[in-house]
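Notes follow the structure.
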Amino acid sequence: MPKTERWQWYVEQFSPSEEHRHAIEEFYYAGRTPYQSVGVVRTPAFGKMLILDGDTQSSQADEKIYHETLVHPALAAAADRSQILILGGGEGATLREVLRCPDVERATMVDIDAQVVELSKRYLPEWSAGAFDDPRARVIIGDALRFLDEDQSRYGAIISDLTEPLEDSPSHPLFGAPVFAAIKARLQDGGIYVLQASTAGVHNCGLHAKMARSLRGFYRHVRSFYTHVPAFDNDWAFIACSDAVDLAKLDERTIARYVDALPGENLFYDAQTHRRLFALPLYLRRELEKKGDTF
Ligand code: SAM
């Protein structure tokens, strides 16, 4: 066993009574931007890791689980994949996964924090893997809220890869009925809105259920899906919204055709994984059926 007492520790606090600790082998960066605190570290268990406001955003060992899950079910189901919008997504891995799809002609990514994007390019280049230099990528540094207000384009899929909507986070204003309406207005007919949608554990799925309840007022099909993300030490949920397609019922042949057309190999997502992602445990289905507050 290594001598753990020599290590420094990054302590992620999930709640006042719950913490997860990662040993730090190397510090690459620690500081504050105008929007959030940023840490870039290397840990023995997960390799390099991006931390914003004390929350793990992604890790080298398992970021593909998170990013393939966020991107590919939605793109597999989208009727038109030519124009895609990403809200947030600072590390560039969501952009990377979107650009793997050969049908994508333009992927627009809007992140508020230039420093997070620059630090990701410098210390975490494996995440973007050249995506920032792809001629199909349009990267805008700015508030996604303002972008949605000013932009007149329409997209086949809008992918929200924002930080958790905690009160003091710059992503907080992007959760609310007027913004959900603005996002819907930017979707093409039959388009899909997918978002990273917080934790899905039996003890911490309340925020996720609140997001799903809020979105049900806007779309015919609102489907939660989830997977375990080891570096988060949590089951992590996502929500896919559409008037045209119920992602839980997407057929295997459509998924297989979509996955087969991607260059390179997926680590996590295929038709079998899709079924598993959308098969929700009873406690989560019950939570989603409850009446309660909305954004
Ligand atoms: N995987 C993530 C998680 O676990 O929460 C999210 C990944 S990504 C790093 C989140 C990005 O959202 C950050 O780069 C942050 O700068 C961006 N962001 C937060 N608020 C934003 C806003 N209002 N407009 C655009 N980008 C925003």
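At-a-glance table
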{"read-out": "Positions within region 151-162 being within 21 Å of residue 217 (Cβ to Cβ) and within 13 Å of the ligand (Cβ to nearest atom), in sequence order", "value": "158, 159, 160, 162"}
{"read-out": "Cross-chain or 6+ apart pairs with Cβ under 8 Å, region 18-46 first and not assigned by TED's automatic domain parsing to the domain that holds residue 199, then within 14 Å of the ligand (Cβ to nearest atom) and open to solvent by 80 Å² or more (accessible area, probe 1.4 Å)", "value": "38/32"}
{"read-out": "Residues located in region 202-216, provided they are open to solvent by 10 Å² or more (accessible area, probe 1.4 Å) and either of a type outside the set (Gly, Ala, Ser) or touching a Leu at 6+ places or on another chain (Cβ under 9 Å) (or both)", "value": "202, 203, 204, 207, 210, 213, 216"}
{"read-out": "Hits in region 170-180 (condition: within 23 Å of residue 217 (Cβ to Cβ), out of contact with any Pro (no Cβ under 8 Å at 6 or more places or on another chain) and either assigned to a loop (DSSP other than H, G, I, E, B) or not aliphatic (A, V, I, L, M) (or both))", "value": "173, 176, 178, 180"}
{"read-out": "Subset of region 163-201 [under 27 Å from residue 55 (Cβ atoms), open to solvent by 50 Å² or more (accessible area, probe 1.4 Å) and more than 9 Å from the ligand (Cβ to nearest atom)]", "value": "166, 167, 168, 178"}
{"read-out": "Those residues of region 57-70 which are within 12 Å of the ligand (Cβ to nearest atom) and out of contact with any Leu (no Cβ under 6 Å at 6 or more places or on another chain), in sequence order", "value": "59, 62, 63, 65, 66, 67, 69, 70"}
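The values are calculated or read from the model by the stated rules, or taken from the named source; none is laboratory data. Owing to the predicted nature of the structure, the values given are computational and were not obtained by experimental measurement. Cβ atoms come from the backbone with ideal geometry, glycine included; neighbour counts cover every protein chain shown. Side chains included, ligands, DNA and RNA excluded: accessible areas come from the protein's heavy atoms. Shrake-Rupley method; radii C 1.70, N 1.55, O 1.52, S 1.80 Å.
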